[in-house]
Amino acid sequence: MNSRSDYPRRSRAWIGVALAALLTLVSATPALADDGDRGKRRVVSPENMRGWAFVQETPVGSGMMVSGPEDPPAGDGSAQLTVDNIGGVALGKAAYQGTYLRDFTRLEYWTYRTHPTVGIFQIALQFNIDRDLTDADESFQGRIVYEPYYSHPIEAMTAGEWLHWNTQDNAQPGSWWFTRAPQNAPVTGCSQADPCTWSEVLTKFPNVGVHRTFGAVILKAGGGWLGGFTGNTDALTIGCNGRTVLWDFEPSQHDKDKDKDKDKDKDKDKDRKLCGDDHHDDDDDD
């Protein structure tokens, strides 16, 4: 099986740097519950990307905000990622830097695969990580990757439907793996050949977290997906330290969203401390 996220070193490091510069969730779609269940909704659109950006990590790949497909889990649209046989494209945001993975209380997102109609790949959730936030090593240390098909192979084969992934469900044999040594070592680590559940990741690496310098949250397609891929993602829900945000990807903002986004610079500053207890979103969307 081809390596799906064995990205070139420069590309992996660059996305954290590039996104930092920009800043200076298994079933068919049900209706989302009220705000208390889904978290604070943040609309991401070409008019206000809120620090998110599409990055082609390996050619050829592209991304855009689109309407649909069908009935997305949040709003009217989603983010679409398209790659050829060897391409890799990511939608990422430099955020959550310095946050221990153990402090994430919710990590859920939705995917939809249009092409190929037969396959196992779904868009992956990833973070640029530091295997130990308490030590002095602040070099780039790779990513932690969640790929749904490891623990949910039947569901992941589904095309033409919105699928919900709870990445912390601890379903066996696990869907989380690291891209670099030593954290991807056999037995003691979590490798692509032998991934871990969320609990196993935290047990083996209790101080692992989002990198303080290169840290980013990433939704990625491709990296050697034979036959290419076209799919969508939406309603990325991240909870941390008692605060939950739902990232709603849309092709445009409704009037009410525009009214709440007049001060974009202030909005970007707020997004930098997404897990801080002192961080408040007075202009969150309804």
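We did not get these values from a lab; they are worked out from the coordinates using the rules stated. Predicted model only: the values in this text are computed from it and were never measured. Every residue, glycine as well, gets a Cβ built from its backbone with ideal geometry; the counts of neighbours run over all protein chains shown.
Per-structure values
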quantity: Distance cut-off 18 Å, percentage of C-alpha pairs in the stretch 185-230 lying past it; calculated: 53 percent
quantity: In order through the stretch 218-229: 3J(HN,Hα) via Karplus (6.51 cos²θ - 1.76 cosθ + 1.60), integer Hz, x for Gly, Pro; calculated: 9, 10, 10, 10, x, x, x, 8, 4, x, x, 7
quantity: Extended-chain gain in nm, criterion 0.36 nm per residue less alpha-carbon gap, L226 and H115; calculated: 38.8 nm
quantity: G223 long-range amide H proximity, modeled H, under 5 Å; calculated: G87, G88
quantity: E70-T134 pseudo-label distance in nm [points 7 Å out on the Cα-to-Cβ vector]; calculated: 4.6 nm
quantity: Placed amide H near T244: partners under 5 Å, 5+ positions off or other chain; calculated: K40
quantity: Under the Karplus curve 6.51 cos²θ - 1.76 cosθ + 1.60, θ = phi - 60°, whole-Hz ³J(HN,Hα) for the stretch 45-55, x wherever Gly or Pro sits; calculated: 9, x, 6, 8, 7, 6, x, 6, 8, 8, 10
quantity: Burial ordering of K204, K220, fewest other beta-carbon atoms within 10 Å first; calculated: K204, K220
quantity: Surrounding net charge for D71, when Lys and Arg each add one and Asp and Glu each subtract one, Cβ distance under 12 Å; calculated: -4
quantity: HN-Hα J in Hz across the stretch 87-104 - Karplus 6.51, -1.76, 1.60, θ = phi - 60°, x for Gly and Pro; calculated: x, x, 9, 10, 10, x, 9, 6, 7, 6, 4, x, 8, 5, 4, 5, 8, 7
